Structure formats: structure tokens, C-alpha cells
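Encoded as C-alpha cells, the structure appears first; notes follow it.
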Amino acid sequence: MSEAVVVRRARADDADAIAALHVRSRSAYYGDALSAEDSGHDRRPMWRRLVTEQGVVVLCAVEDEVVIAFCCLRQPAEAKEVELQSLYVEPARFGTGVADTLYASFVAESRGRAAHLEVWDRNERAKAFYRRRGWLPSDQTRPGPAGAPFVTWRLVPRAHAE
């Protein structure tokens, strides 16, 4: 029987598992849009750095001691806005609610601050996920794979939106 999903801060020894999950999840939503160079990029050094970097919080959803999802947020102490840099789920776990559990931890960690993130414009699953949680796309974009841009989305806490 499986243990409950637990969300905790990533540790240095989680970095390689996070990197491998990052690659699997990206492959699932980008599909053939990724270049061979991009899909073959070793993400372990990046995650080894990020899990210990000042001002960065990496949260893992763990089940039976296996990382099944993670998110990364950049929240410099002086910043009024949090950047949700990534939220990735094991592809076999899409639609199971693990992203909801992880997102609730992101909300708690961000402490009511406004937030922004980028979503690849062809990632309909991600756009629907964030839209349901009150995020709105902006007109800010940058080039992305296969000619589809990354779009910056923003979340303004209700207390600040009124």
C-alpha cells in the first residue's frame, strides 16, 4: 500500500531525481517541439545548484520516498512578487491531484504575494490549471519552441486586486 503524498522542501540528494523528472515531464508536454539539443541537455547541474540556492525554494511531492512532482519558486526576501519558475508532475500522475497538493504548498510558501510564471503557449494542460487558480496571461512573451511563445502569466492576490 502506498503512503500518502508528502510535500517537503527539496534536499541536495533530491536534485538528480528532480532533474530526471523534469526531463520526463517536459518531454510529455513538448513532444516533438523540443530540439535534440534541448531534449538531450543534462539538467542535473542546474537542479543541484537550485535546491541549495539562496532565495530559491524547491518543493517536492514525495510518495513512498519517490519524488513524483516538484515546483521551484524564486522569492528574494526584498521582492514583492514571487516567480513560480516551474511546476512539474510525473507524466503518469497527470490528473491525479498531486499538482493540486503541490500548488497548495506553493501558495503557503508565497505568503500572499503576487506571483508570475511563464507558460509555453501550446501547453493547454498548464494554461487550464493556472487559469482555474486565478492566473491571467499578460501580453509579455518571449520566443519558445516550435514557434510558440512562452507567455508570462500573473497572479494578483485577492486582497491586492480589490
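The values are calculated or read from the model by the stated rules, or taken from the named source; none is laboratory data. Here the structure is a predicted model, which is why all the values come from computation and not from measurement. When we count neighbours, we look across all protein chains shown, and the Cβ atoms used for this are built from the backbone with ideal geometry, even at glycine.
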So ALA28 fits all but one of (1) under 13 Å from the mean Cα position of the chain (by Cα); (2) surrounded by fewer than 17 Cβ atoms within 10 Å (Cβ to Cβ); what number is the exception? (1)
Given (1) at pLDDT 95 or above; (2) farther than 24 Å from ARG43 by Cα; (3) under 13 Å from the mean Cα position of the chain (by Cα), index of the condition LEU136 fails: (3)
Search region 54-68 for residues that are farther than 11 Å from ARG9 by Cβ and touching a residue at least 60 places away in the same chain (Cβ under 8 Å) and pair each with any residue that is basic (Lys, Arg) and not in a strand (DSSP E or B) when their beta-carbon atoms are under 8 Å apart and the residues are at least 6 apart or on different chains. ILE68/ARG93
Scanning region 86-103 residue by residue, the ones that are farther than 20 Å from VAL23 by Cα and in contact (Cβ under 8 Å) with a residue 40 or more places away in the chain total 1
Tell me which residues, restricted to region 117-162, are surrounded by fewer than 16 Cβ atoms within 10 Å (Cβ to Cβ) and within 13 Å of LEU87 (Cβ to Cβ). ARG125, ARG133
